[in-house]
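Asker: Sending over a structure as structure tokens; questions will come in a sec.
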Amino acid sequence: MAKHFIKISEIDCAVKIYGPAGTVETIDLDVDLISKYADGTTPREEVVEGAVPQVVITGMTWTGELGATLNIDRGTARIASLQSQTTTQYDFSGQGFMPDNVEADKNIVCTIGATGHFELWLKLRKVSGYSTRIEYQTFGAYDNPNKVGE
């Protein structure tokens, strides 16, 4: 199985999980979701703070070969059991839903069942535990709006 990070920013992440039957892939909240420079190789100074990182699932889309299944687990909780025959998408930030925050501080573990190839796209949102350079405060007369913290 493989994971491909489509987007990693200070707030949102998009990841594709895909692979053949019987494989497992883990999205590690401490390592995988640290935003990087545009070249994808050099980590920015966004480090996990003293708090435990928490990430919610805001959406998912999936497909796969006929009969393929995929389970999403976090800690001791089963988040979703997906079947390729019911290819669809969930938007937990719309459609009157709230993001899935069950065991939001645990890694996301995706396990493909015993049959077929499966593809899953996850939309994630960081809610705490990551430092960010985004400031939502208004600047005062003596603040430098071009630099964080000055």
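Asker: Do the conditions hold for LYS3, that is, is it at pLDDT 85 or above, in a strand (DSSP E or B) and loosely packed, with under 14 Cβ neighbours inside 10 Å?
Answerer: no
Asker: Of all the residues that make up segment 71-94, how many are over 20 Å from ALA114 (Cα atoms), more than 16 Å from the chain's Cα centre (by Cα) and surrounded by 11 or more Cβ atoms within 10 Å (Cβ to Cβ)?
Answerer: The qualifying residues number 1.
Asker: Do you know which of the residues in segment 11-21 that are of a type outside the set (A, V, I, L, M) and under 17 Å from PRO99 (Cβ atoms) is surrounded by the most Cβ atoms within 10 Å (Cβ to Cβ)?
Answerer: Out of the qualifying residues, it is CYS13.
Asker: Then there's this: Within the set of pairs 6 or more residues apart or between chains, which connect a residue that is part of a loop (DSSP other than H, G, I, E, B) inside segment 94-119 to a residue that is among the acidic types (Asp, Glu) with Cβ atoms less than 7 Å apart?
Answerer: These pairs meet every condition: ASN107/ASP28; GLY116/GLU65; HIS117/GLU65.
Asker: Then there's this: Can you find, within segment 22-56, the residue that is modelled with the lowest pLDDT among those that are surrounded by 10 or more Cβ atoms within 10 Å (Cβ to Cβ) and among the polar types (S, T, N, Q)?
Answerer: SER35
The values are calculated or read from the model by the stated rules, or taken from the named source; none is laboratory data. As the structure is a computational prediction, the values presented were derived from the model and not from experiment. Cβ sites come from the backbone with ideal geometry, for glycine too, and all protein chains shown count toward neighbours.
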